[in-house]
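Participant: Mind having a look at this structure? Questions to follow.
The values are calculated or read from the model by the stated rules, or taken from the named source; none is laboratory data. If you're wondering where the values come from, they're calculated on a predicted model, not measured in any experiment. Note that we place each Cβ from the backbone using ideal geometry, even for glycine, and neighbour counts take in every protein chain shown. Keep in mind that these areas ignore ligands, DNA and RNA; they rest on the heavy atoms of the full protein, side chains included. Shrake-Rupley method; radii C 1.70, N 1.55, O 1.52, S 1.80 Å.
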Amino acid sequence: MAAKFLILQASSRDCSDLWWQGSSLSVELKSFGALQSLSSWVLEHRPPVWALRAVASVEGCYQAHTYSPIDGTRWNPLPRLLDLELHNMQVDTWALLEHTKLTRLVLKDLRGAPGEAPSPLQPLCDYQPNLAALPRLRELRLVRCGLPDLPSGLSALLRLKVLDLEGNGSLLEGNGSLGEEQSLELLSVLPALTWLSLAGCGLRSVPATLAVMIQLSCLDLSENPLDGWGFQHLPSLVHLTCLNLNHTWCYYGPWLPIGLSSRLRHLGLQGMPFKALPPVLTTLSNLHSLDLGGATHLGSSHSLRPAREGALCIEAAAVHLPQLATLRVNLVGRELQHLKARLGRRGATIQISC
């Protein structure tokens with residue numbers, strides 16, 4: 001059952017506007033005092049909350065535990081919590097792992113405390129505390145948290161289906177290609193993993209580890225300087241339905257391997273300097289959406305000829321894609337209108353945008 005969150009305002013002076021409905025609670029923290037109000041409110045009302053979403057628009061710090069005023073022992077005020085999402089906050093990693101029943105954990109844009117490690121999740125990479133304390137996790141998103149390495153205990157999350165590590169640019173920094181492969185080997189032992197994002201993680205090639213992860217259905221490698229290196233591993237992912245390669249070329253001529261999964265429904269190729277569309281596109285008969293936005297061969301020149309050639313290439317590819325419903329291209333004005341008209345005359349019902 002998906003949580004239906006309410007966006008509430010937390011005030012450091014008055015916590016009467018902190019309330020919950022059903023089993024979900026959502027709070028926008030405007031100040032550190034707002035967090036104290038939230039803690040006091042939870043202590044007083046002890047709501048049976050299973051989903052908590054907290055967003056700090058200025059300073060905020062999340063601590064999942066508190067202390068009993070009687071004997072000083074530590075206890076978890078939200079023992080039933082299954083779904084936890086925190087944005088733009090300082091986080092106590094030990095406190096996070098007290099929520100042992102969590103099935104979904106989302107941490108975005110976390111900040112380290114002054115004088116501490118650059119990443120507030122550094123302790124998770126140093127073996128203590130350990131993600132193995134959350135064996136029920138099915139979805140884990142650690143987005144732009146400054147992770148220096150994969151969290152320890154990750155291989156123990158045998159139920160994990162979704163792993164999002166987007167924007168951790170230093171994740172593999174300084175490891176070299178061999179060290180990069182060794183760091184990512186942990187991912188290959190996650191049997192339930194079907195959705196993986198390594199977008200913006202500093203990858204310099206498609207990891208060979210991915211070749212054995214044939215259960216993957218969605219893979220996001222965008223915003224990495226891949227330049228085609230390691231692309232020979234992609235055809236092994238025969239169950240892929242979604243592949244994002246946006247902005248992954250910098251220096252070399254782009255190419256795509258023949259034999260990509262015939263099940264692909266969504267393919268992102270933004271910003272690719274193609275001279276001609278890859279032949280493999282015409283074999284993806286189940287492709288539903290294709291993103292060629294920003295592709296530099298499509299009308300980037302002031303001359304009309306490159307734009308016309310680009311439009312004709314797209315038209316030729318599109319007629320071989322019977323399921324294509326959404327197409328994004330780098331065409332404007334007359335060439336865009338002509339492409340829409342030509343595909344329309346062929347009976348194609350494709351939504352085209354630039």
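Participant: So Leu260 passes all but one of these: (1) in contact with a Ser or Thr (Cβ under 8 Å, 6 or more places away or on another chain); (2) modelled with pLDDT under 75; (3) surrounded by 18 or more Cβ atoms within 10 Å (Cβ to Cβ). Which condition number does it fail?
Facilitator: (2)
Participant: Moving on to the next point. Name the residues in the range 75-89 that are modelled with pLDDT under 80 and open to solvent by 40 Å² or more (accessible area, probe 1.4 Å), would you?
Facilitator: Within the range 75-89, Trp75, Pro79, Arg80 qualify.
Participant: Just to check your reading of the model, which residue among Leu336, Leu243, Leu298 is open to solvent by less than 10 Å² (accessible area, probe 1.4 Å) and either at pLDDT 70 or above or at positive phi (or both)?
Facilitator: Leu243
Participant: Mind checking which residues of the range 218-240 are assigned to a loop (DSSP other than H, G, I, E, B), surrounded by 19 or more Cβ atoms within 10 Å (Cβ to Cβ) and modelled with pLDDT of 90 or more?
Facilitator: Within the range 218-240, Leu221, Ser222, Glu223, Asn224, Leu237, Leu240 meet the criteria.
Participant: Here's a follow-up. With the requirement that a residue be open to solvent by 30 Å² or more (accessible area, probe 1.4 Å) and of a type in the set (Val, Ile, Thr), what does the range 185-215 give you?
Facilitator: Of everything in the range 185-215, those that are open to solvent by 30 Å² or more (accessible area, probe 1.4 Å) and of a type in the set (Val, Ile, Thr) turn out to be Val189, Thr194, Val212, Ile214.
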